[in-house]
Structure formats: structure tokens, C-alpha cells
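The values are calculated or read from the model by the stated rules, or taken from the named source; none is laboratory data. Just so it is clear, the model here is predicted, and its values are computed rather than measured. In this analysis, Cβ positions are derived from the backbone assuming ideal geometry, glycine residues included, and neighbour counts consider all displayed protein chains.
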Amino acid sequence: MKTHSSTTRRNVLKGSAAAGVAALVSPQLFSIARAQTAPIRIGFPVPLTGPFGAEANDQVKAAQIAVKEFNDAGGFEGRLAELMVRDDKLNPGEAATRTLELIEKDKVNFIVGSLSAAVQLSINNVSKERGVIFNSISQSDAINEAKDWSKFTFHEALNPHITAGAVGRYAFGKFGKKVAFLTADYAYGHEMVRGFQRVGKDFGIDTVADIRHPIGATDYSAFLPRIQALQPDILCLCNFGRDQVISITQATEFGLKGKTKLVAPVLLYTARQAGGDAFEGVIGGTSYYWGLESQIPSAKALNDKFRAANGGAVPSDYGALGYAGVRSILEAVKAAKSTETEKVIAGMRGLKYDWYKGPQYYRACDHQSVQSVVIVESKHKDQKDKNDVFSVVSIEAPDEAKLRSCDELGHKA
Amino acid sequence: MIGGFTLDLIALQLVTGVALGAIYVLLAIGLSLIFGLLNVVNFAHGAFFMVGAYVGVFLFGLTGNFWVSLVITPLMVGGLGLVVERFLVRPLYGRGIDYPLLLTFGLSYVMVEAVRITFGLTGLRLPTPPELRGAVNLGIGYFPLYRLFLIAFTGFIVAALWYFIERTRYGLIIRAGASDPEIVQVLGIDIARVWLVVFAIGTGVAGLSGILAAPLQGVTPEMGVPVLAEAFVVTVVGGMGSLGGAVIAGLLVGIVVAMTSLVAPDMAKVAIFTLMAVVLLVRPRGIMGRAGGMG
């Protein structure tokens, strides 16, 4: 038998010359070819260590569910998503460095994350300078305001104005007008107090004490005798994470609950789990409670996926935000049929979504996710199992009118 | 009424300060003991405190009994102290004060990371023992029973340590070893063993304060960090190496924090360091320290 083509010297030369020319003139072709299979990278800076560690770790777990869901469905044009988790140590400087690294070195397409009113502003600063979309999953009022906001900024979480507003509207009418504040001395705490004070004006509340404690404080006993002596109707604990656990535990030990209703703007599922019985009767707001699954199908869907992946555990409030924050971006990529920043921004602005807690959308002027606020009360005796820690006492429906107006935030119409 | 506060409130605030001071006292005693007798500045003291809290939680999980854990925890943490002294600190004696300082500084990082790896990042909880839950009416207001217990228990530990060091034969050897180790050695006493025991007692007391603080503030790998700074302040204010000084300074710092929190909560942390600065200006060796104690 005769072979059809023989490898001659001439053919080899011709072939390699052609390949060489192609390689020289079109390096872009190669990178495009690679980009089509390159993962969609989402940077995820959260404070894994430190006083908010429990919440941050849950955010990671839930965010991974959103990534898995996306990848299991085939990703976007064959491109799979990848979550790049970094520890920001609850430190604005550390967060800025990690974010910069994620953008410059790891070449992430998007940033989702943060768990601090202050730290998210530093992440936002870096990502807006670099023109990278940042979807924040932590409460902040400042991030909505024109001076910090940019078109790259999205805010998946609730903000203090609407959260404290909803909790105030519920509590001030029910429990009394004599109010004391014990507040973590940083942006989150200050914004929560401002939110309470603003709605408090409508109710005519009387602020009997406004005490600030350093973030990460481990002993609150020195503040408690004074609050005890003032006998307020309501004590608002405007703090977060471990601070919330310790302050509520110690307030309970001092017997404050006898005369005073303890109220937290954000009553954390993780804090309640860590604090145990001491939380009994404490009222607070939340973006999400797994128990919503009895009335909201999307909540059931998220819970089931989370349970399957985490040995029966349910997602916490901030955990669910980690899921929603990542899912919004990935769904916007699909809707926009692109990972290009401008197109994904348009995709997100167009979303009308129900990922886990009922209908939501991003307000046009500041990309604040308009959503419901859930008011919960901590149970004690009638718990069905260890996850059954809250009863939902009220749900404030999504309503743009409850947010500060675009005008007030400094956005031009 | 004084400055807008009732006398009852001021009295209750004072009790709060004493309870706060109790933990400071225990922390500072351990630190002061090791420094005063061994001339070792133990930067891992906060880490031993943290390990004490974790050992407490671990033992509580095993036995379900707070009191058993309270007894065994200092023994186990002291045991860890034995190992650390024998194999890490001992080779550095006679090499200048900065060698053990750097060693214990590094050791504290190792201990924190080891706990993070073993027990996770997010922290654990040690419930207040049921018989000490809730608040009692002191006549001036309600005060948590557990904090009253803290005051009493600290008093007991301080008395026991004082008796051991000042009134027993072994205590006499320890004191002699502190003032002149060479003579003690010449007298045929194994000074190395004395130092071993002292280091174990110091770290054991740190572990004890860890388990005692656990029901109040929870248990986390980082809990020893702020505590170390506070313990040093108390030790410096009281005078390095003085048991009585640690007690007075610990209570003083607790009361200063409590009183500042009442009138100007923002200033509470600063007040601790202001107190230290004032004491150092007026009396550089601390309230009950020996002159030139660093030598």
C-alpha cells in the first residue's frame, strides 16, 4: 500500500511557517479562545477571623451553594464560576489590600462580600476605582449615598435606615417610649441609632441613654447598672456578631429583662445560636429567617440545598445574603449573555428576582435591593429543634417609600 | 445624688468594678509571679488564658460539670506550662530578658493557631453553671450572682497563693530563689525545679482565669489578645513581681474602668492607660514594686 501524503521537508517548512505567522499576528485570538473556557471568578472578602467570624463563615457556605447551582446548570457558555474567599479580618486596610489583590492578581470578574458597615466602604472604594462590580452583602447607609456610591456599586443587604426603621415601627408602638441605646462605636452602630431616632420622632420616643462601646468589647458590665437604674422600656443593642452575643448575655445576667424589652436592629441567627437561652424574648429585625420557608417557596428551595450541603444545618440571615449576592451576579451574567462589566450592570439593574425571600429588585438610583424586613422574636421553651430559635412576628413588605429618597442621598434624578 | 447619679448606682458601679478587677487580679498574679521570680516576661500569658477557656469548654463537654472542669483546667494548663518551661524557656535562662520575651511572643501565635486549627475560628460557649445564674438584689440594685462568685473565688485563690508563698517551706525556697538563686543552689536546692513549679503555677492561674472568664464573654481563639495588654498594665501599675501589688492594681483598674464607663463610656479604655501613665510618672516601680525591679 502506498501512503497518500508523505511528510516531506517542504511540507513541514510550509506548515510551521504558517503557524508561526498566525501566532505572531494574532495573540488576541489565543486569549479569546482561553477566555471562553476561563472560569468566572468572584472575589469574596469577608472577616473569617474575629468577632464576626461565625456570620462570615456562613456567608461563604451559602455563597458556595450559588456557585454550585450555577455550575451544575452548565455555567455560562461553558464557563464555570469560581469563588475566591479571602479573610479581610474586619479591617478596612486589610480588606482594601485583599480586594486589590483579587482584582489585580487573581483577575476576578466581580467582587461580592464584606461584613461590616465600615469595611465595605473600603472594598467599594477599591472596586469602583478599578471599575469592577461590587455587590455588598452587609448593612450600610453610607454606601447608598452619592459620595460613596458608583454605578459599579450594588447593595444586596438591607440598610440600617430601613432595618432600624422597621424594627422601630414595630417596637416603639408596642413596648414604650423610654428608650436606651447601647451601641458599637462604628459606622453600623451609628447608622442604626440614626435609623431608630428618625422613626422614633414619629412615635415621640424619649432617649434616656445613648452609650457607645468599642467594637469587639468583651465586657459590658460597666454600662449595665446605669441602664438598670434608668429603667427604660426598651434597650436597643445596636451591635453585631459576638458583641451582640456577649452584650445580650450580660444584660440578661444583670436581670434587665424584668422591666426592659431588649431590641436588636438586626437579631442574628448565628448570635442566637451562640448565645442560647439568654436571648429569650429579644426582638429584632432580620433580612432572612429560615422559618420563612413555610410561606415562601424560594426560601424552602435555598434551605433544602443548604441542608443537603451542610449536614442538615439551615442558612443564617447573613449566610443567605452571601447566596443572594453571588446569585444576583451570576444570573445577571446569564441575562446579559456576557461577563463584561457594563453589560452585567445593565443585567443586574433589570433583574426582578426572588432568590430566597420573596420579590426583590435593585432601585435604579442607588442599586439598593428593595426587599422585605422580617421582625423576629427569640423563642426559648417551645423550640421544636435547635434551629427553631425565632418566631416571625411581622414582615414589612418591600417598599421604596421606606428607603431614604434618591434626592436625599444626593443622586440626581 | 452625685453628678446626676444616685448613691445606689455609684455603689453598684463600684461592685461592678471590683468584679471586673477580680479577673484582672487573677491574670496579673500569674504574669507577676513568673516575672518576679523567674525574670521572664511571659508574652504567651494571654494565650495560656485562652487555652484555659478552651480546656474548660472541652472538659465541660466531657464531664458536663462546671466545677470539675474548674478544678482540672488549671492543672492541665499548668501541665502545659511545665512542658513549655522545661523544653522552651529553660534553655534561655541567663541570656537576657529579651530571649524568653521573644520566645513566648512567638509561642502565643503558635498556640492561637493551634487552637484555631483544632477548635475552629468561630468560637465556643461555656454556659454559666445553673446554680450561679441570674441576678441577686444587693439592696442597691440587681447584680449577677456569677460575678459575685468571681469576687469570692479570686479572694480565695489570692489567699491560697499568699499562704503558699509566704507561709510554707516551699514558698520560702521560692522567695529565696528569687532574691539570690546562686546561694540557694549552693545550699543544695535544685533551683531549676523551683522555677519549673513557679512557671506552672503562673500559667495554671492564667488558665484558671480563662475558664472563669469563659461564661462571661464566650470562648474564642483571639480572646487572649486584649487581655494580655490589660494584664501588663495591671502588673506594671502594681509593680512587677508583687503579689499584693497585682491585687491592689487589678481592683484599682477594674474600678477605674467601671467609674469612667459611668461618666464617660468612650474614655473607659483610655482611662486604663492614663492610670498607668500617672502611676509610672509618680512611682516608676509601680505601687508595690521593688526599686530597679527590671534588673
Q: Hand me the list of helices (runs of 4 or more DSSP H) wholly inside segment B:179-295 holding 3 or more residues that are touching a Lys or Arg at 6+ places or on another chain (Cβ under 7 Å), buried (at least 24 other Cβ atoms within 10 Å of the Cβ) and at pLDDT 95 or above.
A: none
Q. Only one of (1) within 11 Å of chain A (Cβ to nearest Cβ); (2) touching a residue at least 60 places away in the same chain (Cβ under 8 Å) is not met by B:Asn137, so which one is it?
A. (2)
Q) Among (1) within 17 Å of the chain's Cα centre (by Cα); (2) farther than 21 Å from B:Thr128 by Cα, which single condition is B:Val110 missing? A) (1)
Q. So how many residues does segment A:139-179 have that are part of a loop (DSSP other than H, G, I, E, B) and farther than 26 Å from A:Lys201 by Cα?
A. 7
**Q.** Single residue of A:Ser136, A:Ser116, A:Ser140, A:Ser122 found to be without any contact (Cβ under 8 Å) to a residue 60 or more places away in the chain, polar (S, T, N, Q) and within 20 Å of A:Tyr323 (Cβ to Cβ)
**A.** A:Ser140
Q: Check segment A:294-302 and report whether any residue there is closer than 18 Å to A:Ala324 by Cβ and basic (Lys, Arg).
A: yes
(Q) Residues to consider are A:Thr163, A:Thr218; find the one that is of a type in the set (S, T, N, Q) and in contact (Cβ under 8 Å) with a residue 40 or more places away in the chain. (A) A:Thr163
Q: Exactly one condition in (1) surrounded by fewer than 19 Cβ atoms within 10 Å (Cβ to Cβ); (2) of a type in the set (Asp, Glu); (3) facing another protein chain (nearest Cβ under 10 Å) is not met by A:Asp202; state its number.
A: (3)
Q) Only one residue in B:Leu88, B:Leu82, B:Leu107, B:Leu62 is away from chain A (no Cβ under 14 Å), in contact (Cβ under 8 Å) with a residue 60 or more places away in the chain and surrounded by fewer than 18 Cβ atoms within 10 Å (Cβ to Cβ). Which one? A) B:Leu82
Q.
Take the conditions part of a helix (DSSP H, G or I), closer than 20 Å to B:Met240 by Cα and either among the basic types (Lys, Arg) or within 11 Å of chain A (Cβ to nearest Cβ) (or both) and apply them to B:Arg116. Does it pass?
A. no
Q: Report yes if B:Ile151 is touching a helix residue (DSSP H, G or I) at 6+ places or on another chain (Cβ under 8 Å), within 14 Å of chain A (Cβ to nearest Cβ) and at pLDDT 95 or above, otherwise no.
A: yes
Q: Take segment A:380-409 and flag every residue that is within 21 Å of A:Thr163 (Cβ to Cβ) and assigned to a loop (DSSP other than H, G, I, E, B).
A: A:Val389, A:Ala397, A:Pro398, A:Asp399, A:Leu403, A:Arg404, A:Ser405
Q) For segment A:68-108, what are the residues that are closer than 25 Å to A:Ala187 by Cα, touching a Lys or Arg at 6+ places or on another chain (Cβ under 6 Å) and part of a loop (DSSP other than H, G, I, E, B)? A) A:Asp88
Q.
Regarding segment A:335-347, can at least one residue be identified that is modelled with pLDDT of 95 or more, of a type in the set (Ser, Thr, Tyr) and under 20 Å from the mean Cα position of the chain (by Cα)?
A. no
